[in-house]
Amino acid sequence: QVQLVESGGGLVQAGGSLKLSCAASGRTFSGYSMGWFRQAPGKEREFVSAINWRDGSTFYRESVKGRFTISRDNAKNIVYLQMNSLKPEDTAVYYCAAQPRGPLIFSTSYDYWGQGTQVTVSS
């Protein structure tokens, strides 16, 4: 069992930055790939970014490439999502998730989910 707790969300103006954190507890964190997803009101949950536990490779949805950076600290059991140049369309509840294997961009691959943190970007 892995427990995930997100933090760092908030209200920011367009062009601003936020850094989300996801603290993991429970089973060995280093054996899990980590992903960030988001869900805006009235929309389906969508993939944002992921980091592979085996080689540290990272993946991003096209609309956030160059603006968001995912990283992890295995010693602290934390995964981060640095979000720069935020846009109003980035407004959503952001969730972190963990999984030991499977395609990283599909939410169905993930076994564990946090409760989410709200990110609101004003224009």
For the stretch 1-97, what relative contact order do you get, as a whole percent, if you take Cα pairs closer than 8 Å and at least 6 residues apart? 34 percent
Computed over the stretch 47-110, the relative contact order (Cα-Cα under 8 Å, seq sep at least six) in percent reads 28 percent
Counting only protein heavy atoms with a 1.4 Å probe and every protein chain in place, the carbon and sulfur fraction of the accessible surface of the chain in whole percent equals 48 percent
So which GluC sites (Glu not before Pro) in the stretch 1-96 pass both tests, a DSSP loop state and at most 11 other Cβ atoms within 10 Å of the Cβ? GLU44
Zone reached by a paramagnetic label modelled 7 Å from ILE105 Cα along Cα→Cβ, restricted to the stretch 49-93 with backbone N below 13 Å, covers 49-50, 59-65
Taking a straight Cα-to-Cα line shorter than 18 Å from LYS87, and setting aside same-chain aspartates and glutamates fewer than 8 residues away, one finds GLU46, GLU62
About the Cα centre, charge dipole magnitude for the chain (Lys/Arg +1, Asp/Glu -1 at Cβ), debye: 140 debye
List the trypsin sites (Lys or Arg not before Pro) within the stretch 33-62 that DSSP assigns to loop and that have no more than 11 neighbouring Cβ atoms inside 10 Å. LYS43, ARG54
Per residue, accessible area of the chain with a 1.4 Å probe, heavy atoms of protein chains only, in Å², comes to 51 Å²
Report the gain in length on full extension from ARG67 to GLU44: 0.36 nm times residue separation, minus Cα-Cα distance, nm rounded to one decimal. 6.1 nm
Taking Rh as the Kirkwood radius computed over alpha-carbon pairs of the chain and applying Stokes-Einstein at 4 °C with viscosity 1.567 mPa s, one gets a diffusion coefficient in µm² s⁻¹ of 92 µm²/s
Within straight-line cross-link reach of LYS43, aspartates and glutamates at Cα separation under 15 Å, skipping those fewer than 8 residues along the same chain: GLU89, ASP90
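The values are calculated or read from the model by the stated rules, or taken from the named source; none is laboratory data. Source: prediction; values computed, not measured. Neighbour counts run over all protein chains shown; Cβ positions are idealised from the backbone, glycine included. Please note that ligands, DNA and RNA were not included when accessible areas were found on the heavy atoms of the full protein model with its side chains. Shrake-Rupley method; radii C 1.70, N 1.55, O 1.52, S 1.80 Å.
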